[in-house]
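The values are calculated or read from the model by the stated rules, or taken from the named source; none is laboratory data. Keep in mind it's a predicted model, so treat the numbers as computed, not measured. Here Cβ is always computed from backbone atoms with ideal geometry, including for glycine, and neighbour counts include all displayed protein chains.
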Amino acid sequence: MKEYKILSKITDYKDLKNLSKEEILTLADEIRDYIIDVTSKSGGHIGPSLGVVELTLALLLAFDPEKDRLVWDIGHQAYAYKILTGRKESFKTLRQYKGISGFLKRKESPYDHFGAGHSSTSISAALGMRVGKDILEKEGYTVAIIGDGAMTAGQAFEGLNHAGWLDPDKFIVILNDNQMSISPNVGALYTYFNKIITNQVFQKPRQKLKEILKAVFGESGAKMARKIEEYVKGLFAPGIIFEELGFNYIGTIDGHNLFDLEKTLENVKKMKGPILVHVITQKGKGYKPAEDNPTPFHGISPFDKITGVPLKKAESKPSWSKAFGEALIELAEKDEKIVAITPAMKEGSGLTEFAQKFPDRFFDVGIAEQHAATFAAGLSVEGIKPVASFYSTFLQRAYDQVIHDIAIQELPVVLAIDRAGLVGEDGPTHHGVFDISFLRAIPNIVISAPKDWQELRNLLYTAINSGKVFAIRYPRGTVWGEKEEGFEEIPIGSWEILKEGREIAILAVGKYVKKALETREYLKKYGFNPTIVNARFIKPFDELLLKELLKNHKYIVTMEDGALNGGFGSAIGEYILDNNYINNLIRFGIPDKFIEHGKIELLEKDLGLLPEQMAETIKNKISLNNYKIVG
């Protein structure tokens, strides 16, 4: 590790008590530099963590995480916290295979009091801990640190509502307001908070009053003006919403004035009832590229530390997300009923250009996946054609709405499921491996997965015009195949045979179609010549073709980038069993465990999902049956 004057002397947060104020301020700068240095090599959520360095130090000066519970919402705010809770050296392995997680993880450290990869869970979790401590008469405070847009989600207010009703002591919520989530915050709540800083009712007379008092009374007059401002603001500021929910509202506090923060927290500890402290921070603080461009620096791949420019090589083809966004624009240009919806993932979902081109037909609803799904259902009732884009991992949060509000009512909504399958360095909270399993159980839904660029376009065209609840799942990374002009409707439920063979039929889903073709080349070296099928529809599937394949092939192999439990392979197994077929079934997919973080290729190797590994497994399983294919 690069030599740091103060950080090099620090083992963990307990050493902070031995530092002078000047040394602590130096430490804050060094922590920022260390975060920038590490994330420039490994990538990560740099912007959120740079914004809370002073807040982290103040928390660890005011509280002791051995007895107090510090619950960080969306763990990507917690890099400084990781560094100061015994992971200074291991921080260099951030998000790397076998290294430490980019999020909070209870198995990683006793100081990670609650795992967090999705947003808006901190208040509910901290309240549960508070009540648990009270029941068992344990010492300590519970503190929820919520921010980066997480207060826009309904669960946060469910937690606030319950806490206000219970009225617990030693329960503190810190609202880290950086005016950003991933994209800039949207919605009434964001506007509400922002009034504190920008409301002209206060700004114009505020400045005039300061000038008059300073002219009459000098510097003491300026101080008096600040006191008056704080008093008046306290009477009218948006903190009233929290007061009405039963909280004592303290704010706003400069989140980068470390010692004012610490003093505030020490004072708050003496107060009764639930407290909400409203802290204003700057995302990307201390690193100009991140300050100037907070959205890309929310989560970024390795980058040049000096310029802030990502080191990732430019791809000759777009990402699946971008390909989806471009196709949606083409279709929306011809059909004014098409609208796009995203829960705070405009850039990541490839919808930035759509939003610019069709601002009245684009809806970023904030971190509110449940609302996004039901909002889409409401649009559909009026004859609109909603396309709701979710990351697979976040669609989990809208499961009831997909069932109750969309599928039961058979409302034609397109679910564009981005980041399906393994996603790499973000790990188990973000791998999109469960969507096939949880959607397949729902009646009245079509589930599809394109094998390549043009099939994504065609499936989107088919979905929008199908009049059905229609899910399209596609992976992270660069699109495969070529783009053609225009669109073509695909018969719902149809598969296609890509390579004719014998005895072995490989049914592959989505990105695994390419892997199946590569696996075929390895199998040919062993004397096998499998049939390769693009199983682009997971539900309903091509029953007529499947019957033919079962009739003419002894071995059926399924390949999918999702959970084996309840997945596509399970569907084929159920069909074989229910219809009294005796074919041998070999399934490849994600086993019954949570997959850790690391590069996708390394994770797939661990799981035996590389083409050469799958070919070897198929060969070995056939050999175990003493079955020889005569060519």
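Quick check on my filter: what residues within region 386-411 are closer than 17 Å to residue 464 by Cβ and surrounded by fewer than 23 Cβ atoms within 10 Å (Cβ to Cβ)? Spell out the reasoning first.
The initial filter retains those residues of region 386-411 that are closer than 17 Å to residue 464 by Cβ, namely 386-390, 406, 410-411.
Answer for region 386-411, where residues must be closer than 17 Å to residue 464 by Cβ and surrounded by fewer than 23 Cβ atoms within 10 Å (Cβ to Cβ): 410, 411.
Within the span defined as region 89-108, every residue fails to be of a type in the set (S, T, N, Q) and more than 30 Å from residue 607 (Cα to Cα). When the criteria are applied in full, residue 297 meets the requirement of being of a type in the set (Phe, Trp, Tyr), under 27 Å from residue 143 (Cα atoms) and not assigned by TED's automatic domain parsing to the domain that holds residue 43.
Residues that are buried (at least 22 other Cβ atoms within 10 Å of the Cβ) number at least 2 in the following helices (runs of 4 or more DSSP H) confined to region 527-620: 568-578. Only one entry of 263, 334, 346 meets the criterion of being of a type outside the set (Val, Ile, Thr), free of Cβ contacts under 8 Å to residues at least 12 places away in the same chain and in the same structural domain as residue 459 (by TED's automatic domain parsing), and that entry is 334. Given the criteria farther than 23 Å from residue 605 by Cα, β-branched (Val, Ile, Thr), in contact (Cβ under 8 Å) with a residue 24 or more places away in the chain and in the same structural domain as residue 401 (by TED's automatic domain parsing), does residue 538 qualify? Here the answer is no, as residue 538 does not meet what is asked. Residue 515 passes every criterion in (1) in contact with a Leu (Cβ under 8 Å, 6 or more places away or on another chain); (2) in a strand (DSSP E or B); (3) of a type in the set (Lys, Arg) apart from (2). Check whether at least one residue in region 73-93 is among the acidic types (Asp, Glu), within 22 Å of residue 143 (Cβ to Cβ) and part of a loop (DSSP other than H, G, I, E, B), and report yes or no. The answer is yes, given that some residue of region 73-93 is among the acidic types (Asp, Glu), within 22 Å of residue 143 (Cβ to Cβ) and part of a loop (DSSP other than H, G, I, E, B). Can you tell me which residue within region 346-370, out of those that are farther than 21 Å from residue 473 by Cα and either among the small types (Gly, Ala, Ser) or buried (at least 22 other Cβ atoms within 10 Å of the Cβ) (or both), is farthest from the chain's Cα centre (by Cα)? Across region 346-370, the extreme among qualifying residues is 355. Annotation: of all residues in region 448-495 being aliphatic (A, V, I, L, M) and part of a loop (DSSP other than H, G, I, E, B), the one that is surrounded by the fewest Cβ atoms within 10 Å (Cβ to Cβ) is 492.
Mind checking whether some residue in region 307-316 is of a type in the set (A, V, I, L, M) and modelled with pLDDT of 95 or more? It would help to see each step written out before you state the result.
Looking only at region 307-316, we keep the residues that are of a type in the set (A, V, I, L, M), and these are 309, 311, 314.
Checking the rest, the ones that are also modelled with pLDDT of 95 or more come to none.
No, because not a single residue in region 307-316 is of a type in the set (A, V, I, L, M) and modelled with pLDDT of 95 or more.
Provide a single number: the residues in region 370-397 that are without any contact (Cβ under 8 Å) to a residue 40 or more places away in the chain and closer than 18 Å to residue 419 by Cα. Step through it out loud before you land on a result.
Going through region 370-397, the residues without any contact (Cβ under 8 Å) to a residue 40 or more places away in the chain turn out to be 372, 374-378, 380-382.
Restricting the remaining residues to those that are closer than 18 Å to residue 419 by Cα gives 372.
Summing the residues that are without any contact (Cβ under 8 Å) to a residue 40 or more places away in the chain and closer than 18 Å to residue 419 by Cα in region 370-397 gives 1.
Take region 119-139 and flag every residue that is part of a loop (DSSP other than H, G, I, E, B) and in contact with a helix residue (DSSP H, G or I) (Cβ under 6 Å, 6 or more places away or on another chain). Steps first, please.
Taking region 119-139 as the starting set, the residues that turn out to be part of a loop (DSSP other than H, G, I, E, B) are 119-121, 137-139.
The answer is 119, 120.
For region 63-73, state whether one or more residues are within 17 Å of residue 101 (Cβ to Cβ), assigned by TED's automatic domain parsing to the domain that holds residue 120 and in contact with a Gly (Cβ under 8 Å, 6 or more places away or on another chain). Among the residues of region 63-73, at least one is within 17 Å of residue 101 (Cβ to Cβ), assigned by TED's automatic domain parsing to the domain that holds residue 120 and in contact with a Gly (Cβ under 8 Å, 6 or more places away or on another chain), which makes the answer yes. Can you pull out the residues in region 90-118 that are among the polar types (S, T, N, Q) and out of contact with any helix residue (DSSP H, G or I) (no Cβ under 7 Å at 6 or more places or on another chain)? Matches in region 90-118: 90, 93, 109.
When residue 574 is tested against (1) without any contact (Cβ under 8 Å) to a residue 12 or more places away in the chain; (2) closer than 23 Å to residue 323 by Cβ, just one condition goes unmet, and that condition is (2). Has region 517-526 got any residue that is surrounded by 16 or more Cβ atoms within 10 Å (Cβ to Cβ), over 32 Å from the mean Cα position of the chain (by Cα) and among the aromatic types (Phe, Trp, Tyr)? Yes, region 517-526 has at least one match.
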